[in-house]
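*Asks:* Structure incoming, see below.
The values are calculated or read from the model by the stated rules, or taken from the named source; none is laboratory data. Only a predicted model underlies this, so the values are computations on that prediction, with no experimental measurement involved. A quick note on method: Cβ atoms are made from the backbone with ideal geometry, for glycine too, and the neighbour counts reach across all protein chains shown.
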Amino acid sequence: MLCLAMAGLAALAPTADGQVPETPLQQGMEAFDKHDYDAAIADFNQALQLDPKDAKALCWRGRAQGAKGDADLAMADANQAIQLDPKFALAYFTRGNAYAHKGDYDTAITDYNQAIQLDPTDVKPYCNRGLAYGKKDDFDKAFADFARAFQIDPKNAQSYYLRGLLYSNKGDSDLAVADFNQAVQLDPKFELAYAGRGTAWSHKHDYDKAIAEFNQAIELDPKDARVYCDRGLAYAGKGDIDHAITDYNQSIQLNPKNPIAYYDYALVDIKKGDPDSAIADFSKAIELDPNFAMAYCDRGITYNRKGDPVRAIADYNRALQIDPKVAKFYYARGESLARQGNADAAFADYNEAIQRDPKDPLAYYDRGEAHVRKGDYDQGLADLNHALQLNPKYALAYVGRGNTYVHKLDYDAAIADFDRAIQLSPRDAYAYNDRGYAHASKGDYDPAIADYSAAIEINPNDAKALYNRGYAHYQLGNYDAAIVDFNRVLQLDPQNRAALQLRNLASFQRDYLPSRAEMPAIVDGLWLAWGAALILIIAVTVFLIRRQERRKSWNQESRKLQ
């Protein structure tokens, strides 16, 4: 120990020019301010080698660990610092940040209270306590804390930045941008303020402005892994998947332990249509942060889309254990319960979601769809209408309401809704297919074929759209085109008996019946009689196919109950 102490004193001896070099603690704090957390940790480790009971070095190392996303290491260092110095305000603040990162906002607030009691002039605990209150939806206390912070230091750029985050979390992007603007005005080199402003623009779906802000933030600090994640989300929002992936890779390279990067990567996997990779990336995010509730939820949604509601429900249950206040977790679980046929439990979850967040249109949409599946079209319309009142640009809700109008045989109202959905989401193959079905139901097969073709252009393997287009061609007497579509359906789904039967009928009619144009006028009556007979044959055939499918479905349900 004496040698170590002597080495420490020697390290602090004046240099030839008479200047005393910085201590490892000072170097670490400078590296922390530059967001070079690995270098900062290395310097704090050196400081602790010189003095293992240096509470300040422990506390700052905990802050650096927390900034890297490792809340457990941050908490361990803060606990040790508090044991060494129970009146060290910054240590309570650091531990409070670790609790907040783990989602334990009540305990975080307790630590922020202690930090404020020990040092009432430090604005940081007020701001972070305000953010914690915001997470608890207690916005009166949250904004009161920021008001107190501004009383202490009205020109603190960090305070404006953090209040901007609070506004952003509250969904008020305009006020968030105003605070970020003020932060940048006070400190033009405050890279996080640019990043926050970029996130606010992303929330407003102005991705080009968002990317410009993130570029500025990265220019000021090229080593901040979080900003690459945020810019990747903006690129993904505008459909530029390649640039999004590049940013996520860069973020992971800078900080391989950042769960947010893997979570964002998973969202891109979903956009690419790769659910297996998405599940792997969600799982990696959960491995890095076992309390990452949203990662559990979105992995559950992915399992549900893959037809695995059991695993999906297990993930939703875990998400709700971590945070039972999030409405999304309830209506997502409700969707999987509905898929399992547990309608009562599904409705209970939808109702709970709406109670938790009456302004979330997704909950009303899911409950409306569940009503429609039960055949309660009026109640379904009421919920879908409410979803659209909350979000008039909710394309999926227009599709859902359009299909409900189809069930009610109001095809004109359905087509109007599908028109609006396609205007909002021009690459939605389902909207084109469903609008085509509404046209066909009116007997308007030409516009129906145009819509089915648009759906197929978006998704060439859409067996439903191919079948529907084949049927429309058949109705128009375009037998060759119908046969091509039915053949393609059978390639994708060899067990599709309806496509097989209609293909055979189209082949028979093409090969053995002359077209009406080839028939002399004198035998028009015979032609009409033959057509009527053929329609009857088709109707009987379709009836038998559907009855056989219903029997098969009934048998499957009977086996489930045995």
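*Asks:* Can you pull out every residue in segment 161-215 that is closer than 20 Å to Gly239 by Cβ and either outside any helix (DSSP H, G or I) or among the basic types (Lys, Arg) (or both)? Before the answer, list the steps.
*Replies:* Of segment 161-215, the ones closer than 20 Å to Gly239 by Cβ are 198-199, 201-215.
Of everything in segment 161-215, those that are closer than 20 Å to Gly239 by Cβ and either outside any helix (DSSP H, G or I) or among the basic types (Lys, Arg) (or both) turn out to be Lys204, His205, Asp206, Lys209.
*Asks:* Which residues, counting only those in segment 484-524, are at pLDDT below 85, part of a loop (DSSP other than H, G, I, E, B) and either under 46 Å from the mean Cα position of the chain (by Cα) or of a type in the set (A, V, I, L, M) (or both)?
*Replies:* Leu513, Met519
*Asks:* What do you reckon, is Asp480 part of a helix (DSSP H, G or I), more than 27 Å from Lys408 (Cβ to Cβ) and either in contact (Cβ under 8 Å) with a residue 12 or more places away in the chain or in contact with a Ser or Thr (Cβ under 8 Å, 6 or more places away or on another chain) (or both)? Give the derivation first.
*Replies:* On the way: part of a helix (DSSP H, G or I): yes; more than 27 Å from Lys408 (Cβ to Cβ): yes; either in contact (Cβ under 8 Å) with a residue 12 or more places away in the chain or in contact with a Ser or Thr (Cβ under 8 Å, 6 or more places away or on another chain) (or both): yes.
Yes, satisfied.
*Asks:* Return the pairs, sorted by first residue and then second, in which the second residue is modelled with pLDDT under 90 and buried (at least 21 other Cβ atoms within 10 Å of the Cβ), the first residue lies in segment 256-270 and is under 14 Å from Met294 (Cβ atoms) and among the acidic types (Asp, Glu), the beta carbons are less than 8 Å apart, and the residues are 6+ apart or on different chains.
*Replies:* The qualifying pairs are Asp264/Ala236.
*Asks:* Can you list the helices (runs of 4 or more DSSP H) found entirely within segment 324-418 that contain at least 2 residues being surrounded by 15 or more Cβ atoms within 10 Å (Cβ to Cβ), basic (Lys, Arg) and under 20 Å from the mean Cα position of the chain (by Cα)?
*Replies:* Values: elements: 327-339, 343-356, 361-373, 377-390, 395-407.
Passing ranges, in order: 327-339.
*Asks:* Another question, if that's okay. Please state which one of Leu90, Leu84 is surrounded by fewer than 17 Cβ atoms within 10 Å (Cβ to Cβ) and in contact (Cβ under 8 Å) with a residue 24 or more places away in the chain. Walk me through it before giving the result.
*Replies:* Numbers: Leu90 fails: surrounded by fewer than 17 Cβ atoms within 10 Å (Cβ to Cβ).
Sole residue among the options that is surrounded by fewer than 17 Cβ atoms within 10 Å (Cβ to Cβ) and in contact (Cβ under 8 Å) with a residue 24 or more places away in the chain: Leu84.
*Asks:* Applying the selection to segment 56-72, what residues are closer than 20 Å to Val227 by Cβ, crowded, with 24+ Cβ neighbours inside 10 Å and hydrophobic (A, V, I, L, M, F, W, C)?
*Replies:* Residue satisfying the conditions is Ala64 alone.
*Asks:* Right, another one. Given the conditions (1) at pLDDT below 90; (2) of a type outside the set (S, T, N, Q); (3) out of contact with any helix residue (DSSP H, G or I) (no Cβ under 6 Å at 6 or more places or on another chain); (4) in a helix (DSSP H, G or I), which single one is not true for Leu267?
*Replies:* Unmet for Leu267, out of (1) at pLDDT below 90; (2) of a type outside the set (S, T, N, Q); (3) out of contact with any helix residue (DSSP H, G or I) (no Cβ under 6 Å at 6 or more places or on another chain); (4) in a helix (DSSP H, G or I): (1).
*Asks:* Against the condition part of a helix (DSSP H, G or I), touching a Ser or Thr at 6+ places or on another chain (Cβ under 8 Å), at pLDDT 95 or above and surrounded by 17 or more Cβ atoms within 10 Å (Cβ to Cβ), how does Arg435 come out, does it pass?
*Replies:* Details: part of a helix (DSSP H, G or I): yes; touching a Ser or Thr at 6+ places or on another chain (Cβ under 8 Å): no; at pLDDT 95 or above: yes; surrounded by 17 or more Cβ atoms within 10 Å (Cβ to Cβ): yes.
Judged against the criteria, Arg435 is not a match.
*Asks:* Confirm whether Asn215 is under 20 Å from the mean Cα position of the chain (by Cα), surrounded by fewer than 18 Cβ atoms within 10 Å (Cβ to Cβ) and not hydroxyl-bearing (Ser, Thr, Tyr).
*Replies:* Numbers: under 20 Å from the mean Cα position of the chain (by Cα): no; surrounded by fewer than 18 Cβ atoms within 10 Å (Cβ to Cβ): yes; not hydroxyl-bearing (Ser, Thr, Tyr): yes.
It is false that Asn215 is under 20 Å from the mean Cα position of the chain (by Cα), surrounded by fewer than 18 Cβ atoms within 10 Å (Cβ to Cβ) and not hydroxyl-bearing (Ser, Thr, Tyr).
*Asks:* For segment 315-367, what are the residues that are acidic (Asp, Glu) and closer than 20 Å to Ser283 by Cβ? I'd like the intermediate steps shown before the answer.
*Replies:* Within segment 315-367, the subset acidic (Asp, Glu) is 315, 323, 335, 344, 349, 352, 357, 360, 366.
Asp315, Asp323, listed by residue number.
*Asks:* Of all residues being more than 19 Å from Arg226 (Cα to Cα) and at pLDDT 90 or above in segment 184-208, which is nearest to the chain's Cα centre (by Cα)? Just the residue, please.
*Replies:* Restricting attention to segment 184-208, the residues satisfying the condition of being more than 19 Å from Arg226 (Cα to Cα) are 185-188, 204-206.
Those still in the list that are at pLDDT 90 or above too: 185-188, 206.
Numbers: Gln185: 32, Leu186: 34, Asp187: 32, Pro188: 32, Asp206: 17 Å.
Applying the filter and picking the extreme gives Asp206.
*Asks:* If you don't mind, there's one more thing I want to ask. I'm trying to understand the selection: among the residues of segment 449-483, which are surrounded by fewer than 19 Cβ atoms within 10 Å (Cβ to Cβ), at pLDDT 95 or above and of a type in the set (Val, Ile, Thr)?
*Replies:* none
*Asks:* OK, next. With the requirement that a residue be out of contact with any Gly (no Cβ under 8 Å at 6 or more places or on another chain) and charged (D, E, K, R), what does segment 55-78 give you? Explain how you work it out, then say what you get.
*Replies:* To start, the set of residues in segment 55-78 that are out of contact with any Gly (no Cβ under 8 Å at 6 or more places or on another chain) comprises 55-56, 58-59, 62-63, 65-72.
Matches in segment 55-78: Lys56, Arg63, Lys68, Asp70, Asp72.
*Asks:* What is the one condition in (1) buried (at least 17 other Cβ atoms within 10 Å of the Cβ); (2) within 21 Å of Ala89 (Cβ to Cβ); (3) touching a residue at least 40 places away in the same chain (Cβ under 8 Å) that Asp51 does not satisfy?
*Replies:* Failing condition for Asp51: (1).
*Asks:* Taking the conditions exactly as written (in contact with a Ser or Thr (Cβ under 6 Å, 6 or more places away or on another chain), among the aliphatic types (A, V, I, L, M) and under 30 Å from Pro256 (Cβ atoms)), does Ala39 satisfy them or not?
*Replies:* On the way: in contact with a Ser or Thr (Cβ under 6 Å, 6 or more places away or on another chain): no; among the aliphatic types (A, V, I, L, M): yes; under 30 Å from Pro256 (Cβ atoms): yes.
So Ala39 fails the test.
*Asks:* Let me ask you something else. What's the number of the condition Pro309 fails, among (1) crowded, with 21+ Cβ neighbours inside 10 Å; (2) within 18 Å of Ala397 (Cβ to Cβ)?
*Replies:* Failed condition: (2).
*Asks:* Take the residues of segment 280-291 that are without any contact (Cβ under 8 Å) to a residue 60 or more places away in the chain and crowded, with 21+ Cβ neighbours inside 10 Å: which is nearest to the chain's Cα centre (by Cα)? Steps first, answer last, please.
*Replies:* Residues of segment 280-291 that are without any contact (Cβ under 8 Å) to a residue 60 or more places away in the chain, as a first pass: 280-287, 290.
Of the ones still in play, those that are also crowded, with 21+ Cβ neighbours inside 10 Å are 281-282, 285.
Values: Asp281: 14, Phe282: 12, Ala285: 14 Å.
Residue satisfying both the conditions and the ranking: Phe282.
*Asks:* Regarding Thr107, is this residue within 32 Å of the chain's Cα centre (by Cα), within 19 Å of Phe32 (Cβ to Cβ) and of a type in the set (Ser, Thr, Tyr)?
*Replies:* Numbers: within 32 Å of the chain's Cα centre (by Cα): yes; within 19 Å of Phe32 (Cβ to Cβ): no; of a type in the set (Ser, Thr, Tyr): yes.
No, not satisfied.
*Asks:* Return the pairs, sorted by first residue and then second, in which the second residue is crowded, with 23+ Cβ neighbours inside 10 Å and polar (S, T, N, Q), the first residue lies in segment 293-306 and is free of Cβ contacts under 8 Å to residues at least 40 places away in the same chain, the beta carbons are less than 9 Å apart, and the residues are 6+ apart or on different chains.
*Replies:* Filtered contacts from segment 293-306: Gly300/Ser336; Ile301/Ser336; Tyr303/Ser336; Asn304/Ser336.
*Asks:* Right, next: Return the pair list, or none, for Cβ contacts closer than 7 Å from residues in segment 321-347 that are over 18 Å from Pro358 (Cβ atoms) to residues that are in a loop (DSSP other than H, G, I, E, B), at least 6 apart or on different chains.
*Replies:* Once the first residue is over 18 Å from Pro358 (Cβ atoms) and sits in segment 321-347, its partners that are in a loop (DSSP other than H, G, I, E, B) give Ile322/Gly103; Ile322/Asn291; Asp323/Gly103; Ala343/Lys374.
*Asks:* Taking the condition of being of a type in the set (A, V, I, L, M), buried (at least 16 other Cβ atoms within 10 Å of the Cβ) and over 25 Å from Asp323 (Cα atoms), how many residues in segment 137-174 meet it? Spell out how you get there, then give the answer.
*Replies:* So the first thing to find is which residues in segment 137-174 are of a type in the set (A, V, I, L, M), and the list is 142, 144, 147, 149, 152, 157, 162, 165-166.
Retained after the next criterion (residues that are buried (at least 16 other Cβ atoms within 10 Å of the Cβ)): 142, 149, 157, 162, 165-166.
Now narrow it down to the ones that are over 25 Å from Asp323 (Cα atoms): 149, 157.
Final tally of qualifying residues: 2.
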